[in-house]
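The values are calculated or read from the model by the stated rules, or taken from the named source; none is laboratory data. Just so it is clear, the model here is predicted, and its values are computed rather than measured. No Cβ is skipped: glycine too gets one built from the backbone with ideal geometry, and neighbour counts run over all protein chains shown. Accessible surface areas use protein heavy atoms only, side chains included; no ligands, DNA or RNA. Shrake-Rupley method; radii C 1.70, N 1.55, O 1.52, S 1.80 Å.
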Amino acid sequence: MKKDIPYKIYLDETELPQSWLNLRAFMKQKPAPLLNPDTLQPVTKEELSHVFCEELVDQELDETSKFIPIPDEVRNFYKMYRPSPLVRAYCLEKALGTPAHIYYKFEGNNTSGSHKLNSAIAQAYYAKKQGLKGVTTETGAGQWGTALSMACSYFGLDCKVFMVKVSYEQKPFRREVMRTYGADVTPSPSTTTAIGRKILEEFPGTNGSLGCAISEAVEAATSREGYRYVLGSVLNQVLLHQSVIGLETKTALEKYDVTPDIIIGCAGGGSNLGGLIAPFMADQLEGKANYRFIAVEPASCPSLTRGKYAYDFCDTGRVCPLAKMYTLGSSFIPSPNHAGGLRYHGMTTTLSELHAQGLLEARAVEQTKVFEAAEYFARVEGILPAPESSHAIRAAIDEALKCKESGEKKTIVFGLTGTGYFDMMSYEKFHDGKMSDYIPTDEDLQVSLSKLPKV
Ligand SMILES: *Cc1c(COP(=O)(O)O)cnc(C)c1O
């Protein structure tokens, strides 16, 4: 007999995963390697070690180890806020009148307010272990910077954050949370780096973008002794750390013999989605299961749905290696939409390759539709969702409504990556009817796509 499913499926500490799952190791056709932009040869460990911590470079380049043990120090930190709950959205199902069963994995139960802490703590740990003084990074909406600040203060590391200017101005509270944890926060583009000065000259008055903040952070790390750069999404190592989300989700569902039909996540650089789907996709690649996976992105920054699958720079400053991914071009600067964490021009190589192989669907949604879903969700499920997460809510509701029409009783699981307390200016625009749905034209996209590097 099937057990009754509680509103929240909690795991206990002992059920926290012992290892991360490295999805690439399960893929027959691997993502294309990162290339050195000067030689166009695959980047070496030596080259990457100038920018990143050594053990993280090993993880970045490892495409054969299926599982990588989580160090005890990281696991102990995880225990402060994990395992995170998997919630059965009974109230949402009832409000929608759908026969579908809906679950969401909630990653907003920590001060940083999002899943980003899962990788921040791992990256800070390896930096400390290597004896570094500090790390530099970029942050868009501020979630990553907040998470990294928390992680750095825990391990006693210095933390320099370049924050996309539009967010720095729109989200002063985020900035102060970071400073509370001891981080040094600079709006990007800034005059503190050569690349920042160059971008400001070329695009005076720019709102900034994740890409240009990355370039500044890389420069700040490589020009300082004892510093390395760390990144909150896009890279393989970040997907690896985020697999803790999917592993817990799978354990929780298995406790109640639940098999999902559809797994949905929002996709900025692709780390939460890559982490959520990791163990499920691994089973699928081994022929043990058959799921539908859906990546949801903003219509204003549609890398998977309208980008090109090509080698491109990971950053506007063109200092990082080249990655083969669905991209809008590294010079693409999206309109200042209200999901800062999804304003990235590309998509992590693993998800790009899975999409190219037809294993991962993608859809783009408009932001007013996203906020409608966010508000609806807040009213019925109680949680105030982040705009980024609300992209997944939108798609989950749409799938549940399709089930209502067809009468199908599908099981839908989605990632609720974080809370929206720092996004109230965006909610305000929505409530006042002042939110617009800017969608770039093909001509707009062509401008940045035409500047893709020739590989
Ligand atoms: C950063 C962020 C995202 C998007 O990043 P991914 O790397 O694509 O996961 C989604 N939701 C929240 C709340 C975020 O902070």
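Brief remarks on what is shown
- Here's how it looks for residue 43: its modeled amide H is under 5 Å from those of 34, 35, 36, which are all 5 or more places away or on a different chain.
- Paramagnetic reach from residue 434 in the range 373-389 [backbone N under 12 Å; point 7 Å along Cα→Cβ]: none
- Over 28 Å (Cα to Cα) - which of 128/198; 198/369; 94/369; 105/288; 116/160 fall in this group: 128/198; 198/369
- Within the same chain, lysines fewer than 8 places from residue 3 are excluded, and of the rest, those with a Cα less than 19 Å from its Cα are 250, 255, 409, 410.
- 227, 10, ranked by accessible area, largest first (probe 1.4 Å): 10, 227
- Angle in degrees between helix 143-155 and the longest Cα principal axis of the chain, rounded to the nearest 10: 80 degrees
- Loop-located trypsin sites (Lys or Arg not before Pro) in the range 349-455 (DSSP state other than H, G, I, E, B) with a sparse environment of at most 10 neighbouring Cβ atoms within 10 Å: 434, 454.
- A 1.4 Å probe run over the protein chains yields, for the chain, 37 Å² of accessible area per residue, whole-number rounding.
- Using only side-chain charges placed at the Cβ, +1 for Lys and Arg and -1 for Asp and Glu, the dipole size of the range 150-276 relative to its Cα centre rounds to 260 debye.
- Helix axis angle, 210-222 relative to the chain longest principal axis, alpha carbon, degrees: 50 degrees
- In straight-distance terms, cross-link reach from residue 404 covers every one of the aspartates and glutamates whose alpha-carbon lies under 20 Å from its own, apart from those fewer than eight places away in the same chain; here that gives 93, 261, 372, 381.
- For the range 1-83, applying the loop criterion from DSSP together with a ceiling of 16 other beta carbons within 10 Å to the trypsin sites (Lys or Arg not before Pro) yields 2, 3, 28, 66.
- Spatially proximal aspartates and glutamates relative to residue 451 (Cα-Cα < 17 Å; intrachain offsets below 8 disregarded): 38, 202, 312, 315, 442, 443
- Of the whole protein surface, residue 424 contributes about 90 Å² of accessible area at a 1.4 Å probe radius.
- Counting only Cβ charges, +1 for Lys and Arg and -1 for Asp and Glu, the dipole size of the range 1-52 around its Cα centre is about 380 debye.
- Sorting 50, 355 by solvent-accessible area of protein heavy atoms yields 50, 355, largest first, with a 1.4 Å probe.
- The protection proxy used here, the mean number of other Cβ atoms lying within 10 Å of each residue, ranks peptides 99-110, 267-278, 246-257 as follows, highest first: 267-278, 99-110, 246-257.
- Taking the C-alpha atoms of the range 22-62, convex hull volume expressed per residue in Å³: 68 Å³
- Think of the range 92-172 as a dipole: +1 on every Lys or Arg Cβ, -1 on every Asp or Glu Cβ, centred on the Cα centre; then among 112, 153, 100, 153 lies furthest on the positive end.
- Gain upon complete extension [residue 29, residue 50; 0.36 nm per residue less C-alpha separation]: 4.7 nm
- Degrees between helix 387-406 axis and first principal axis of the chain (Cα, 0 to 90, nearest 10): 30 degrees
- The range 336-429 shape via C-alpha gyration tensor axes, a/c threshold 1.5: oblate
- Gyration tensor verdict on the range 415-455 (Cα atoms; rounded if a/c is under 1.5, prolate if a/b is larger than b/c, oblate otherwise): oblate
- Distance between the range 28-56 and the range 71-115 - C-alpha centres, whole angstrom: 34 Å
- Of the peptides 299-306, 67-74, 89-96, 136-143, the order by per-residue mean of other Cβ atoms within 10 Å, starting with the highest, comes out as 136-143, 299-306, 89-96, 67-74.
- Taking Cβ atoms as reference points and 12 Å as the exclusive limit, the residues near residue 55 contribute a net charge of 0, counting Lys and Arg as +1 and Asp and Glu as -1.
- Full extension of the chain between residue 398 and residue 12 gives 135.7 nm of extra length, using 0.36 nm per residue less the Cα-Cα distance.
- Restricting the GluC sites (Glu not before Pro) of the range 192-242 to loop positions (DSSP other than H, G, I, E, B) with no more than 13 neighbouring Cβ atoms within 10 Å leaves 225.
- Relative contact order (%) - criterion: Cα under 8 Å, at least six apart; region: the chain: 19 percent
- Note on the range 291-439: with charges restricted to the Cβ of Lys and Arg (+1) and Asp and Glu (-1), its dipole about the Cα centre is near 300 debye.
- Fraction of antiparallel bridges per DSSP, the chain only, in percent to nearest 5: 35 percent
- Sequentially through the range 104-120, phi angles give Karplus couplings (6.51, -1.76, 1.60; θ = phi - 60°) of 9, 9, 9, 9, x, 7, 8, 4, 5, x, 8, 5, 4, 4, 4, 8, 4 Hz, Gly and Pro residues having no value and appearing as x.
- The range 157-221 and the range 394-433: distance between their alpha carbon centers, rounded to Å: 30 Å
- In the chain, the ratio of gyration radius to Kirkwood radius, Rg to Rh, stands at 0.94 when only Cα atoms are counted.
- Three-way shape call for the range 134-225 based on the alpha-carbon gyration tensor, with the a/c threshold at 1.5: oblate
- Counting only protein chain heavy atoms and rolling a 1.4 Å probe, the accessible areas of 88, 292 rank, largest first, as 292, 88.
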